[in-house]
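**Student:** My questions all concern the structure below.
The values are calculated or read from the model by the stated rules, or taken from the named source; none is laboratory data. Not measured: the values here are computed from a predicted model. Cβ: placed from backbone, ideal geometry, glycine included. Neighbour counts: every protein chain shown. When the accessible area is computed, the model is the full protein with side chains, heavy atoms only, and any ligands, DNA or RNA have been set aside. Shrake-Rupley method; radii C 1.70, N 1.55, O 1.52, S 1.80 Å.
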Amino acid sequence: MKKIRISGVPEHFNLPWHLAIDDNAFEDRGIELQWTDVPEGTGKMCQLLRDDETDLAVLLTEGIVKDIVAGNNVKIVQKFVDSPLYWGIHVDASSSFMGLQDLKGAKAAISRFGSGSHLMAYINANEQGWDTKDLSFEVVNDINGAVTALGNGSADYFMWEHFMTKPLVDQGVFRRISDCPTPWPCFVIAASDAAIKKHSNLIKHILEVINIYTTDFKDIPSIDRMLSNRYGLKIDDVQEWMSITRWSQENITPMMIKNVQQQLLALNIIDQTIPFDELVTNL
């Protein structure tokens, strides 16, 4: 049995991984897949890949592209979710901010620099026509930190996945004032160059297994109830989320990588673009 370490956020998108692990689908191929939940998100997982604390990660496209351009020795090996991620833009429920226009010049809570919550603040500001140089940030680590920061006023708004944050909206902790979808497929699977060199064949098997599970995921009987119970989401919200979510069994294309890099470059999130084969590999 060969051990492979993988990291991902503890969110509904990743349930196929847990079902496959529970079914011993990786063990059947001689692989002990060790999953680590990373509630801090993509920025933290980029660091885990850099520090050789994980072999694989399921993380946001824009975050890993930024980090590879910055020198992380990692490659994207496949798209995981083909549809956009819907980032809810949230304020404290008692906040005086009522619309997006009120957030110009306000401070964004982010899980960490390089995270999706950080990078999407730039995407949102650009879409609103704001000067991105005016953005300011408060690092809060995770969604619980954001609750505290928005509650005590150390930050003004927080961008996080719409459906995972909705329970806080329903409870009257946050108020969502808008959504900002990613302009590209939201999640990819990335592997460190060291893991690819050492375990290329095992990673191929891992991708084959997870692709079987994501292909049939929506057809699993009562999957909406399973998601609702496991992640504390209302069944109607789960069904809406499933209707707009598409998993992928293919790798990301050169055109999509070009689009991501060009947008990140225009926002000064990266200072150069790099060739496709330095970002992506086909196993």
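**Student:** Could you sort the peptides 266-278, 116-128 by per-residue average Cβ neighbour count (10 Å cutoff), highest mean leading? Show your work: numbers first, answer last.
**Tutor:** Working: 266-278: 13.5, 116-128: 21.4.
Ranking the peptides 266-278, 116-128 by packing returns 116-128, 266-278.
**Student:** As a test of the definition: which semi-axes, in Å, follow for the stretch 197-283 when you take the square root of five times each eigenvalue of its alpha carbon gyration tensor? Largest first, please. Write out the running numbers ahead of the final one.
**Tutor:** On the way: eigenvalues 206, 89, 23 Å².
Semi-axis lengths for the stretch 197-283 are 32, 21, 11 Å.
**Student:** Using a Gaussian network model of the chain whose springs link C-alpha atoms within less than 10 Å, name the residue from 95, 248, 115 with the highest mean-square fluctuation.
**Tutor:** It is 95.
**Student:** Quick one: order 102, 28, 52 from most to least accessible surface, probe 1.4 Å.
**Tutor:** On the way: 102 60, 28 125, 52 90 Å².
Descending accessible area places them as 28, 52, 102.
**Student:** Report, largest value first, the span of the C-alpha coordinates of the stretch 1-73 along each principal axis, in whole Å.
**Tutor:** Largest first, the stretch 1-73 extends 37, 26, 15 Å along its Cα principal axes.
**Student:** I've got another one for you. So between residue 22 and residue 235, what do we pick up on full extension, going 0.36 nm a residue minus the alpha carbon distance? Could you put the intermediate results ahead of the total?
**Tutor:** Numbers: separation 213, 0.36 × 213 = 76.68 nm, distance 2.30 nm.
Extra length available between residue 22 and residue 235 comes to 74.4 nm.
**Student:** May I ask for log10 I(q)/I(0) of the chain at q = 0.06 Å⁻¹, from a Debye sum over the Cα atoms as equal point scatterers with solvent left out?
**Tutor:** The calculated log intensity ratios at q = 0.06 Å⁻¹ are -0.18.
**Student:** May I pose another question? What percent does the relative contact order of the stretch 1-152 come to when contacts are Cα pairs within less than 8 Å and at least six residues apart? Write out the running numbers ahead of the final one.
**Tutor:** Working: 188 pairs, mean separation 34.0, N = 152.
The value is 22 percent.
**Student:** Next question. Sum -39500 (n - 2.57) across every DSSP H segment of at least 4 residues in the chain, then divide by the residue count to get the 222 nm mean residue ellipticity, nearest 500. The partial results should precede the final answer.
**Tutor:** Working: 10 runs with 114 residues, N = 283.
Calculated at 222 nm, the ellipticity per residue is -12500 deg cm²/dmol.
**Student:** Round to a whole number: what % of the accessible area of the chain belongs to carbon and sulfur, probe 1.4 Å? Can you show the working numbers first?
**Tutor:** Numbers: 5330 of 12080 Å².
Of all accessible area on the chain, carbon and sulfur atoms account for 44 percent.
**Student:** Per residue, how big is the convex hull around the C-alpha atoms of the stretch 44-89? Give it to me in cubic angstrom, could you? Each step should come with its number before you reach the end.
**Tutor:** Values: hull volume 4.0 nm³, N = 46.
Value for the stretch 44-89: 87 Å³ per residue.
**Student:** Now for a separate question. Any number yet on Rg/Rh for the stretch 112-257, C-alpha, Kirkwood?
**Tutor:** Values: Rg = 18.4 Å, Rh = 18.3 Å.
Using Cα coordinates only, the ratio equals 1.00.
**Student:** So which trypsin sites (Lys or Arg not before Pro) in the stretch 1-81 end up in coil per DSSP with only 12 or fewer other C-beta atoms within 10 Å?
**Tutor:** Working: sites: 2, 3, 5, 29, 44, 50, 66, 75, 79; in loops: none.
Nothing satisfies the criteria.
**Student:** Turning to a different aspect of this structure: Suppose the chain between residue 277 and residue 34 were pulled fully straight at 0.36 nm per residue; how much longer would it get relative to their current alpha carbon spacing?
**Tutor:** Numbers: separation 243, 0.36 × 243 = 87.48 nm, distance 2.78 nm.
Full extension of this stretch gives 84.7 nm more.
**Student:** With every protein chain left in place, what is the accessible area per residue of the stretch 1-117 in square angstrom, probe 1.4 Å? Mind dumping the intermediate values first?
**Tutor:** Working: 4100 Å² over 117 residues.
For the stretch 1-117, the per-residue accessible area is 35 Å².
**Student:** Can you give the accessible area per residue of the stretch 179-283, in Å², using a 1.4 Å probe?
**Tutor:** On the way: 5450 Å² over 105 residues.
It amounts to 52 Å² per residue over the stretch 179-283.
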